[in-house]
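Single-structure report; data block below.
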Amino acid sequence: MVSETGAKVIAIANQKGGVGKTTTAINLATAMAAVGKHVLIIDLDPQGNASTGFGIDRENRQVTSYDVVLGAAPADEAIVETNIPSVELIASTIDLSGVDLELADMPQRNFRLQRALANGHLRGSYDYILIDCPPSLSLLTVNALVASDQVLVPLQCEFFALEGLSLLLQTIEQVRSSLNPTLEINGIVLTMYDGRNNLSAQVAEDVRNFLGDKVYNTVIPRNVRVSEAPSHGVPALIYDHRCAGSQAYIDFARELLGRDSALAAE
Ligand code: ADP
Ligand code: MG
């Protein structure tokens, strides 16, 4: 069941590496698919962790997000199936690491991904398009923010988390004022939360005081099963759907979809 207005495009962004962007993209998509949504993930990180996390091998990375961003191939030619029904993916390879330099001199360099997604029936074919951003505020991330309706920020509850967040919020504001006026913040999801650690609790409280109800109630705990899943090429939700991390991602997806349908009904 695909919405009539077409997919909502959500960039999953934080310039810090290792905060749970890719894990969130993979498991949110899987949980959405489990309740009947059709989801496309665009792997926009040269490290290709989202592609690997779904077990996409080399042969299935012939046409990638690199070609899509540079306009060398239409987006629908880059789409591959994953091991989860109703989740499809545009893979990335290490080629993408040079793309910032290649884009620098190109016309409309901030709008490449937006244009690629506007072509054809792509948005009409999905309920959600999730963009897994690289760990930087590079041209690639700007392209993702320009192509998106919303940005979802995974935040690890650690020292300096708020400083990094302010920088990201400034960037989002800049993109909104000059390149994509309708960009919204979908929300902040706290990841790798360690309830035994006082710092985690303190940072979580600070973030909630700072951003109020933009912060999801669901918190993703640190969970070893979640970290084991990628080496098996499947989402944590498939690797061990009962573990606390998977259950949290199910709750998170439910909360996100619930907020979305509440907004749609307004
Ligand atoms: P990013 O995409 O922001 O760089 P990842 O999603 O790749 O972050 O996560 C970084 C590392 O932490 C990965 O090895 C991942 O498996 C692990 N990880 C992510 N979320 C959790 C979690 N809730 N519990 C334990 N390990 C996690
Ligand atoms: Mg990642």
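Points to keep in mind about this one:
- Sole exception among (1) within 19 Å of the chain's Cα centre (by Cα); (2) farther than 20 Å from ALA13 by Cβ; (3) charged (D, E, K, R) for ARG123, by number: (2)
- Annotation for region 26-43: at least one member residue is within 13 Å of ligand 2 (Cβ to nearest atom), touching a Leu at 6+ places or on another chain (Cβ under 6 Å) and not in a helix (DSSP H, G or I).
- Check on TYR216, within 18 Å of the chain's Cα centre (by Cα) and aromatic (Phe, Trp, Tyr): yes
- Checked against the criterion of being modelled with pLDDT of 95 or more and more than 18 Å from the chain's Cα centre (by Cα), the candidates GLN174, GLN202, GLN114, GLN150 yield just one match: GLN174.
- The residue list VAL63, VAL80 contains one member that is among the hydrophobic types (A, V, I, L, M, F, W, C), assigned to a loop (DSSP other than H, G, I, E, B), farther than 24 Å from ILE172 by Cα and more than 14 Å from ligand 1 (Cβ to nearest atom), which is VAL63.
- Residue satisfying all of: in region 131-156; in a strand (DSSP E or B) and more than 12 Å from ligand 2 (Cβ to nearest atom); surrounded by the fewest Cβ atoms within 10 Å (Cβ to Cβ) among these: GLN150
- Residue count for region 220-244 satisfying the condition of being in a loop (DSSP other than H, G, I, E, B), away from ligand 2 (no atom under 16 Å from the Cβ) and surrounded by 16 or more Cβ atoms within 10 Å (Cβ to Cβ): 6.
- Restricting attention to region 1-50, the residues that are of a type in the set (Asp, Glu), surrounded by 21 or more Cβ atoms within 10 Å (Cβ to Cβ) and either more than 8 Å from ligand 1 (Cβ to nearest atom) or free of Cβ contacts under 8 Å to residues at least 40 places away in the same chain (or both) add up to 1.
- Single match in SER200, SER246 (criterion: polar (S, T, N, Q), within 19 Å of ALA50 (Cα to Cα) and within 16 Å of ligand 1 (Cβ to nearest atom)): SER246
- Note on region 111-130: residues that are surrounded by fewer than 18 Cβ atoms within 10 Å (Cβ to Cβ) and over 17 Å from ASN180 (Cβ atoms) amount to 5.
The values are calculated or read from the model by the stated rules, or taken from the named source; none is laboratory data. Worth saying up front: this structure is predicted, and the values here are computed from it rather than measured. Here the Cβ is made from the backbone with ideal geometry for all residues, glycine too, and neighbour counts use every protein chain on show.
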